[in-house]
Amino acid sequence: MTGLIGEYNHTIDAKGRMSVPSKFRNVLGDAFVISKGLDGCLVIYTDEEWEEFSRKLKELPSMDQASRNLKRFFGSGASRVEIDAHGRVLVPAALIAYAGLEKEVTIVGTADGRAEVWSSAKWREVNGDVSPEDAAQSLFERGINI
């Protein structure tokens, strides 16, 4: 799925409404799941990606404490949101707090059927840590040759 790629700067208003990039809306449809992500961001999942991820969580053994913690982390932090007539979604307050979102947000596609929502300030910090040379070395170490 190539639709969730790119970097978009948007705002989130005081009510928690955030615009979704129009190119993403074409892929996501009228609704999608937004959840806690890793590294202090939120993750946008297509319905298909969320179902696949949920299936993998369900397969984790319930008798294992770490597995239960993962299920709670992602399950409690997930919300299905609908895109309104203005191309916005209402992000739950708990998710806004988790990701430290303020007025300026950056929405980035991850080229794997998901997207991430970052505080723009935090995105500048995180994204600035990756040099082209580091990216090339990391791809090489994972057997990806472009």
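The values are calculated or read from the model by the stated rules, or taken from the named source; none is laboratory data. Bear in mind the structure is a predicted one, so any value in this text is a computation, not a measurement. When we count neighbours, we look across all protein chains shown, and the Cβ atoms used for this are built from the backbone with ideal geometry, even at glycine. In case anyone asks, the SASA skips ligands and DNA or RNA and just uses the protein heavy atoms, side chains included. Shrake-Rupley method; radii C 1.70, N 1.55, O 1.52, S 1.80 Å.
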So which pairs qualify, if the first residue must be in the range 9-20 and within 10 Å of Val117 (Cβ to Cβ), the second must be assigned to a strand (DSSP E or B) and among the small types (Gly, Ala, Ser), the Cβ gap must be under 6 Å, and the two must be at least 6 apart or on different chains?
His10/Ser19
Do the conditions hold for Ala111, that is, is it part of a loop (DSSP other than H, G, I, E, B), in contact (Cβ under 8 Å) with a residue 60 or more places away in the chain and open to solvent by less than 90 Å² (accessible area, probe 1.4 Å)?
yes
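A quick yes/no check of all residues on (1) assigned to a strand (DSSP E or B); (2) more than 19 Å from Pro21 (Cα to Cα); (3) over 15 Å from the mean Cα position of the chain (by Cα):
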site: Glu49; (1), (2), (3): no, no, no
site: Leu57; (1), (2), (3): no, yes, yes
site: Ser62; (1), (2), (3): no, yes, yes
site: Ala66; (1), (2), (3): no, yes, yes
site: Val105; (1), (2), (3): yes, no, no
site: Gln137; (1), (2), (3): no, yes, yes
site: Ile144; (1), (2), (3): no, yes, yes
Any residue at all in the range 6-27 that's farther than 17 Å from Val89 by Cα and either open to solvent by 50 Å² or more (accessible area, probe 1.4 Å) or not in a strand (DSSP E or B) (or both)?
yes
Being closer than 17 Å to Glu116 by Cα, open to solvent by 40 Å² or more (accessible area, probe 1.4 Å) and not hydroxyl-bearing (Ser, Thr, Tyr), is that true of even one residue in the range 55-71?
no
Testing Glu116 on (1) within 25 Å of Phe24 (Cβ to Cβ); (2) surrounded by 11 or more Cβ atoms within 10 Å (Cβ to Cβ); (3) out of contact with any Cys (no Cβ under 6 Å at 6 or more places or on another chain), one condition comes back false. Which one is that?
(3)
Residue pairs qualifying under the 9 Å Cβ cut-off, at least six apart or on distinct chains, with the first in the range 35-51 being exposed (fewer than 13 other Cβ atoms within 10 Å of the Cβ) and the second being part of a helix (DSSP H, G or I), are Asp39/Lys122; Asp39/Val126
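Yes/no per residue for (1) at pLDDT below 95; (2) touching a Ser or Thr at 6+ places or on another chain (Cβ under 9 Å); (3) on the phi > 0 side of the Ramachandran plot:
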{"site": "Phe32", "(1), (2), (3)": "no, yes, no"}
{"site": "Asp47", "(1), (2), (3)": "yes, no, no"}
{"site": "Ser79", "(1), (2), (3)": "no, yes, no"}
{"site": "Glu82", "(1), (2), (3)": "no, no, no"}
In the range 1-11, which residue that is out of contact with any helix residue (DSSP H, G or I) (no Cβ under 7 Å at 6 or more places or on another chain) and of a type outside the set (Phe, Trp, Tyr) is modelled with the lowest pLDDT?
Thr2
Restricting to the range 28-44, what's the tally of residues that are in contact with a Leu (Cβ under 9 Å, 6 or more places away or on another chain) and not in a helix (DSSP H, G or I)?
5
